[in-house]
1. Tell me the residue from A:Gly49, A:Gly55, A:Gly60, A:Gly77 that is at positive phi and of a type outside the set (Ser, Thr, Tyr), please.
2. Looking only at residues that are in contact with a Gly (Cβ under 7 Å, 6 or more places away or on another chain) and away from chain A (no Cβ under 13 Å) in segment C:119-133, which one is nearest to C:Thr105 (Cα to Cα)?
3. Given the condition over 30 Å from C:Val123 (Cβ atoms), surrounded by fewer than 20 Cβ atoms within 10 Å (Cβ to Cβ), aliphatic (A, V, I, L, M) and touching a His at 6+ places or on another chain (Cβ under 6 Å), answer yes or no: does some residue in segment C:82-104 qualify?
4. Does C:Ala146 fit the bill of being touching a Lys or Arg at 6+ places or on another chain (Cβ under 7 Å), of a type outside the set (D, E, K, R) and crowded, with 24+ Cβ neighbours inside 10 Å?
5. Filter segment B:61-92 for residues that are more than 8 Å from every other protein chain (Cβ to nearest Cβ), part of a helix (DSSP H, G or I) and under 18 Å from B:Leu3 (Cβ atoms) and give the result.
6. Give all pairs with beta carbons closer than 9 Å in which a residue from segment A:217-239 that is without any contact (Cβ under 8 Å) to a residue 12 or more places away in the chain and facing chain C (nearest Cβ under 9 Å) meets a residue that is surrounded by fewer than 24 Cβ atoms within 10 Å (Cβ to Cβ) and part of a loop (DSSP other than H, G, I, E, B); count only pairs at least 6 apart in sequence or on separate chains.
7. Only residues that are under 19 Å from C:Val14 (Cα atoms), away from chain B (no Cβ under 11 Å) and not in a strand (DSSP E or B): list them for segment C:26-45, please.
8. Of all residues in segment B:23-40, how many are more than 11 Å from B:Ala72 (Cα to Cα) and surrounded by 14 or more Cβ atoms within 10 Å (Cβ to Cβ)?
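The values are calculated or read from the model by the stated rules, or taken from the named source; none is laboratory data. Predicted model, so just to flag it, every value in this text is computed and none were measured. All Cβ positions, glycine included, derive from the backbone under ideal geometry; neighbour counts span all protein chains shown.
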Amino acid sequence: MKLSQVAGALGAEVIGDPDLEVRRLVHPLDAEGAGDLALAMSKAVVAGGGGERAGALVIGKDAAPPSDGRSAVRFPGPERTALSILTALFDPGPIHAAGIHPTATVGPGAFVGTGVSLGANVVVGARATIGERSVVLANVVIGADAVIGADCLIHPLVMIGDRVRIGDRVIIHSNTTVGADGFSFIPASQPGMAGTPGTMPVRIHSLGTVVIGDDVEIGAGTTIDRATLRATRIGRGTKIDNQVQIGHNAVIGEACLICGEAGIGGSAEVGDRTVIGGAAGVADHVKVGSDVAIGAMSGVSHSVPDQTVMLGAPAMPAAVFKERYLQIGRLKSLREQVKDLQNRLDALEKGGKVG
Amino acid sequence: MKLSQVAGALGAEVIGDPDLEVRRLVHPLDAEGAGDLALAMSKAVVAGGGGERAGALVIGKDAAPPSDGRSAVRFPGPERTALSILTALFDPGPIHAAGIHPTATVGPGAFVGTGVSLGANVVVGARATIGERSVVLANVVIGADAVIGADCLIHPLVMIGDRVRIGDRVIIHSNTTVGADGFSFIPASQPGMAGTPGTMPVRIHSLGTVVIGDDVEIGAGTTIDRATLRATRIGRGTKIDNQVQIGHNAVIGEACLICGEAGIGGSAEVGDRTVIGGAAGVADHVKVGSDVAIGAMSGVSHSVPDQTVMLGAPAMPAAVFKERYLQIGRLKSLREQVKDLQNRLDALEKGGKVG
Amino acid sequence: MKLSQVAGALGAEVIGDPDLEVRRLVHPLDAEGAGDLALAMSKAVVAGGGGERAGALVIGKDAAPPSDGRSAVRFPGPERTALSILTALFDPGPIHAAGIHPTATVGPGAFVGTGVSLGANVVVGARATIGERSVVLANVVIGADAVIGADCLIHPLVMIGDRVRIGDRVIIHSNTTVGADGFSFIPASQPGMAGTPGTMPVRIHSLGTVVIGDDVEIGAGTTIDRATLRATRIGRGTKIDNQVQIGHNAVIGEACLICGEAGIGGSAEVGDRTVIGGAAGVADHVKVGSDVAIGAMSGVSHSVPDQTVMLGAPAMPAAVFKERYLQIGRLKSLREQVKDLQNRLDALEKGGKVG
């Protein structure tokens, strides 16, 4: 790729040779040769040195051009914007072969779109549909009557259950399960006083499904349960990290970020653009609004209005949490203060001098 | 299915035509035609409308029959009881073919019972046993000498380790591992003062196994480790949600419910009918009694007697937790109260009027 | 195996017949016959009885030899040391066939070392390398250009991504993913006041990799993300339990123990020999030192110096946590104390007797 193309993608300026060829985007410390384009925008990275062996550099708006005359691209925006543009540009994508691997098993009535890649040992259920150009990597299992949209990327060892519907451009990482049965039981009862036997838990079957919107990404080792009668839903553009658990009947809005090990309870609802921190929990049936931020490891047990920041387990508005946290930190001194008052009062009561 | 059969399963009464045919159980809002039976029992669902296009309705004990003369089933019990009976009745079960798929690999000496279904790419180890009518879906791996009972349902991509024993009618969801090695190490030691090198962690191998009772259900992405010498045990009728971790040597009783992302430490014991909330933890070697309820995200670090409700991390009896939570919420006012006392005492000591 | 060999491995003494043959290491309660060697070292185990049917016993340094004249091995060290030596000695290892299973798929240019076992349906990507004697069990997927060292054991259904590098003697348990993409997005922005549309989250691609050191063990259902540009690193000898999440760019040192359901955030750093408790979290970009212990369910949000014990969420030094916990437990009595002071002060101010 020519440096001018890199600059074009960034909407940035080339300093030096626009026809220079670069093949790899690297951290300056990893630069090994002429084809390497080193991302040297943040102060910490620049201060750490390296990059002398890069063929060219991407530099920030206030940086001096390389003093040795090497070429550079100057990008005036934030480093993370450069990262998003450049990593997309240089991502080779997963290596996969075209067409249906001979070891794949495609069920009767299944429809495999043009340009689809099905990897080794992929199993596609009866009447399932795989949209155009979608890539399904090795050992994935797709259930009967499932629908996968176009341009999806399903990483190895994913399970997509019967009747699940997935939009376009969805990415799902390995060992993730979309469409397991919900955890829905009538609990056991204790044996009664009069010698009646206790009951065992009684199962409520999951007849519903999961519907995943366009441009959703789901991490590795995540589980999304199917609904009881209707659909568990993940809105368009929402990104879900690794090891997230989403319960049956939950409805998640658009453009949310749900971080690793978070758990969304059954029948919970989450609005749009809400960010749920790592290992945070949202209880069953709770409604979380739009543009909410829930701190890592917080436990939301009641509904949360739009544009609220919540912290703690049980979760409370951030200001309340910080106030309480501060008060707890001062408890020892409060206790000493009370002791002091007690001593002074004792003295007063014993006829200490008043005035 | 005729409406009279639905009513029979529920032990309920038909209002209208007992011979009406229904094919699908739906939420009223999803009803699309004559074959749809809409579950319209809860007030919220009824108030939300829909259901006009359902062929028939299931209604609660106080509800008026449909005013347009359509047929209905009137069920006097709780909605969740109706759900458990009706979802079982209408569950088509996972779609699977009879017999052993040509791509399945069955090890030497393995025994596959009558009516068993082994899906594509299933691997069954040497001398393993699969009981009658069990369904093992695609890409499952079953270890050597493992024993699976009758009428089990093993979803795709499950791993069942060597020698693991599983009862009858057990359901295991996708990407779950039963029988990984326990996490058991002698920790590393620091390098010593006199220049002696530190040690690395030393492994304790897991020679034991896992024994799963009848009627257990295990969610997706869950892990249950094998014991060091004996067996990690899950009692009859216990239901385990997604992404639960159960450590080596743990012994879980009967009819428990263990919610998503909970963790049970190594050598922990849990009694019967105990409910462990989402993302709750039970520490290594701790004993939790029967009929205990542990709140979501609570951390149990000491043994818990029967019939106790525990909350918090570290977990304490619910009443204690609530008292402390209340006290913490009033800390700011307590501090103000102390400040006020201090002012009054200052005044008194300076010769303020007494009496 | 002869009892003398057992004693030799332990560096211990035989009491009785050194030529006695033992075939299985068991808990005394599980002993079934002459070939069983019962581990009867801890007082609790000895007090629980059993072992009468064992062919021989392993006993502690102060225990009397079996009164019935059976043979024994007397081991003077701790029980866990005996366990580590004996379980290694008696571990048959996973049952697997030599060579490449006919259903395995090996990509073009891949190198499979001498003595490697590839199980059924294993998929090895183009140009990947599997080192000598490594055992890769059924349905594992190894990406293109990945490098696996010698003497590794990869359990069924593991995913190892493209370009990931794994050392020698590494063990990885089932349903684990090494090398999923990092969770790295520019968050969505809200729709603006003047009717401008909000943005969707923008993806930062993961071009980097994961590097796993020698002698690392990774549990089941764990996920380790690849770095953005460089490498997520797990140091030599570190042991990781089940369902642990390790974010992109994280660097973990040597000989650490990371317990089940813990989460290490993106770009976090952890030193050597650090122990991270179950379900504990380390936030993004945080640096945790060497020889640190982080309690179960603690949440580390700031950097932690070497040799610190941290508890709580948010995590604080253990002494501070314990002090605060104690103070919270005494809040009710503090409040009563303040009430009492208030009453006494009221009385004083009303002219109560002073002196």
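1. On the way: A:Gly55 fails: at positive phi; A:Gly60 fails: at positive phi; A:Gly77 fails: at positive phi.
Answer to the check: A:Gly49.
2. C:Ile130
3. Looking for residues that are over 30 Å from C:Val123 (Cβ atoms), surrounded by fewer than 20 Cβ atoms within 10 Å (Cβ to Cβ), aliphatic (A, V, I, L, M) and touching a His at 6+ places or on another chain (Cβ under 6 Å), one finds at least one in segment C:82-104, hence yes.
4. Numbers: touching a Lys or Arg at 6+ places or on another chain (Cβ under 7 Å): yes; of a type outside the set (D, E, K, R): yes; crowded, with 24+ Cβ neighbours inside 10 Å: yes.
Criteria met by C:Ala146.
5. If we filter segment B:61-92 for residues that are more than 8 Å from every other protein chain (Cβ to nearest Cβ), which is where we start, we get B:61-79, B:82, B:85-86, B:89, B:92.
Still in the running and part of a helix (DSSP H, G or I): B:79, B:82, B:85-86, B:89.
B:Ala82, B:Ile85, B:Leu86, B:Leu89, listed by residue number.
6. Going by the 9 Å Cβ cut-off, there are no qualifying pairs.
7. C:Ala34, C:Gly35, C:Met41, C:Ser42
8. Filtering segment B:23-40 for residues more than 11 Å from B:Ala72 (Cα to Cα) gives B:23-36.
Among the residues that remain, those that are also surrounded by 14 or more Cβ atoms within 10 Å (Cβ to Cβ) are: B:24-31, B:34-36.
Total meeting the criteria: 11.
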